[in-house]
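Trainee: This is the structure I have questions about; it appears just below.
The values are calculated or read from the model by the stated rules, or taken from the named source; none is laboratory data. None of these values were measured; they are calculated from a predicted model. FYI the Cβ positions are ideal-geometry reconstructions off the backbone, even for glycines, and counts take in every protein chain you see. These accessible areas exclude ligands, DNA and RNA; they are computed on the full protein's heavy atoms, side chains included. Shrake-Rupley method; radii C 1.70, N 1.55, O 1.52, S 1.80 Å.
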Amino acid sequence: MSENANVQKIVPFEGSKLSKKEQIATMFDDIAYRYDFLNHFMSLGIDIIWRKKALGYLKSIQPKLMLDVATGTGDFAIMAEKRLHPDKIVGIDISEGMLAHGREKIEKLGLGDKITLQSGDSETISFPDQTFDAITVAFGVRNFEHLEKGLSEMYRVLKPGGKLVILEFSNPTVFPIKQLYNSYFRYITPLIGKWIAKSQAAYSYLPESVKAFPQGEAMRTILTNTRFQAVTCKTLTFGICSIYCATR
């Protein structure tokens, strides 16, 4: 069984008759109200540094129209607007709960004319071919039900010469970071999720989905097979996180 087939079988709610996509939407609806806090709390704020580094890969192309896939509450889109100053960013997500929180944030920041969040599925992106200068995904690709289909859709709506930047968790391999990381993810993360977000299932799913997701060279191969070019992988913080860049 391929690594991609493995990750498709990792779901938040074992025994549920819902599809992975439906389970993901339900899970994020449930934790939306605490999602931003938990992201920063559990990463000790390092996720903000990771996001900034990822967006740095887009500075050279100065994108005017951007798509943020699996945008959640719009954190990455908001940071992209502040750092890259595109004309427009569209964020899509399958969780209406997350989008609702994101729209509130964007409204408060006065960015409604710059950032639009809308319901959307990575596997059926509702935009014409070659629409966007850049596409970003932060901590979302491992939740795709069909990874290659999602990547193919992003390739389709990206302009020739446009850039895709994916930020995703990965598994460190260096001692003792690997052991500390695995213990934290396996034992501490679910407890924090249960305590703060009232959802142990969501934060038990997190380490399992990271463990099963194709990483490094495997992910580079998948991107190349999806016709992307100049595919690179940069690991951050002892391999806890990876940035994948590719162009059309």
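Trainee: Tell me yes or no: at least one residue of the stretch 130-150 is in a loop (DSSP other than H, G, I, E, B), out of contact with any Cys (no Cβ under 9 Å at 6 or more places or on another chain) and charged (D, E, K, R).
Mentor: Yes; the residues of the stretch 130-150 include at least one that is in a loop (DSSP other than H, G, I, E, B), out of contact with any Cys (no Cβ under 9 Å at 6 or more places or on another chain) and charged (D, E, K, R).
Trainee: Something else now. Which of the residues that make up the stretch 66-97 are assigned to a strand (DSSP E or B) and open to solvent by less than 50 Å² (accessible area, probe 1.4 Å)? If you could, list the steps in order and put the result at the bottom.
Mentor: The first filter runs over the stretch 66-97 and keeps only residues assigned to a strand (DSSP E or B), leaving 66-69, 88-93.
Residues satisfying the conditions are Met66, Leu67, Asp68, Val69, Ile89, Val90, Gly91, Ile92, Asp93.
Trainee: Would you check if Ile188 is crowded, with 22+ Cβ neighbours inside 10 Å and not small (Gly, Ala, Ser)?
Mentor: On the way: crowded, with 22+ Cβ neighbours inside 10 Å: no; not small (Gly, Ala, Ser): yes.
Criteria not met by Ile188.
Trainee: Of all residues in the stretch 191-219, count the ones that are loosely packed, with under 15 Cβ neighbours inside 10 Å and either modelled with pLDDT under 75 or closer than 25 Å to Asp36 by Cβ (or both). Lay out the reasoning, then the answer.
Mentor: From the stretch 191-219, those loosely packed, with under 15 Cβ neighbours inside 10 Å are 191, 195, 198, 217-218; that's our starting set.
This time we only want the ones that are either modelled with pLDDT under 75 or closer than 25 Å to Asp36 by Cβ (or both), so: 191, 195, 198.
So the answer is 3.
Trainee: Kindly check whether there is at least one residue in the stretch 157-165 that is surrounded by fewer than 22 Cβ atoms within 10 Å (Cβ to Cβ), at pLDDT 95 or above, over 26 Å from Thr73 (Cβ atoms) and of a type outside the set (Gly, Ala, Ser).
Mentor: Yes; the residues of the stretch 157-165 include at least one that is surrounded by fewer than 22 Cβ atoms within 10 Å (Cβ to Cβ), at pLDDT 95 or above, over 26 Å from Thr73 (Cβ atoms) and of a type outside the set (Gly, Ala, Ser).
Trainee: How about the stretch 112-137: which of its residues are in contact with a Lys or Arg (Cβ under 6 Å, 6 or more places away or on another chain) and farther than 21 Å from Ser19 by Cα?
Mentor: The first filter runs over the stretch 112-137 and keeps only residues in contact with a Lys or Arg (Cβ under 6 Å, 6 or more places away or on another chain), leaving 117, 123, 129-130, 133-134.
Selection gives Leu117, Asp129, Gln130, Asp133, Ala134.
Trainee: So, in the stretch 60-75, exactly how many residues are within 19 Å of the chain's Cα centre (by Cα), under 20 Å from Ile49 (Cα atoms) and not β-branched (Val, Ile, Thr)?
Mentor: Residues meeting the conditions: 5.
Trainee: Surrounded by fewer than 15 Cβ atoms within 10 Å (Cβ to Cβ) and at pLDDT 90 or above: is that true of Gly150 in this structure? Step through it out loud before you land on a result.
Mentor: Numbers: surrounded by fewer than 15 Cβ atoms within 10 Å (Cβ to Cβ): no; at pLDDT 90 or above: yes.
Here the answer is no, as Gly150 does not meet what is asked.
Trainee: I've got another one for you. Tell me, which residue of the stretch 1-33 that is open to solvent by 70 Å² or more (accessible area, probe 1.4 Å) and more than 23 Å from Gly120 (Cβ to Cβ) is modelled with the lowest pLDDT?
Mentor: Met1
Trainee: Here's a check for you: in the stretch 44-65, which residue that is farther than 12 Å from Met79 by Cβ and in contact with a helix residue (DSSP H, G or I) (Cβ under 8 Å, 6 or more places away or on another chain) is least open to solvent (accessible area, probe 1.4 Å)?
Mentor: Applying the first criterion (farther than 12 Å from Met79 by Cβ) to the stretch 44-65 yields 44-46, 57, 59-65.
Then keep just the ones that are in contact with a helix residue (DSSP H, G or I) (Cβ under 8 Å, 6 or more places away or on another chain); that gives 46, 59, 62-63.
Working: Ile46: 56, Lys59: 113, Gln62: 132, Pro63: 3 Å².
The residue in question is Pro63.
Trainee: If I ask for residues that are open to solvent by 70 Å² or more (accessible area, probe 1.4 Å) and outside any helix (DSSP H, G or I), which ones from the stretch 230-248 would you list? Walk me through it before giving the result.
Mentor: Here is the first cut: in the stretch 230-248, the residues open to solvent by 70 Å² or more (accessible area, probe 1.4 Å) are 230, 234-235, 238.
Answer for the stretch 230-248, where residues must be open to solvent by 70 Å² or more (accessible area, probe 1.4 Å) and outside any helix (DSSP H, G or I): Ala230, Lys234, Thr235.
Trainee: Restricting attention to the stretch 104-125, and to residues there that are surrounded by fewer than 14 Cβ atoms within 10 Å (Cβ to Cβ) and in contact (Cβ under 8 Å) with a residue 24 or more places away in the chain, which single residue is farthest from Lys88 (Cα to Cα)? It would help to see each step written out before you state the result.
Mentor: Of the stretch 104-125, the ones surrounded by fewer than 14 Cβ atoms within 10 Å (Cβ to Cβ) are 104, 107-108, 110, 112-113, 118-119, 124.
Remaining after also requiring in contact (Cβ under 8 Å) with a residue 24 or more places away in the chain: 118-119, 124.
Working: Gln118: 13, Ser119: 17, Thr124: 21 Å.
Restricting to residues being surrounded by fewer than 14 Cβ atoms within 10 Å (Cβ to Cβ) and in contact (Cβ under 8 Å) with a residue 24 or more places away in the chain, the top hit is Thr124.
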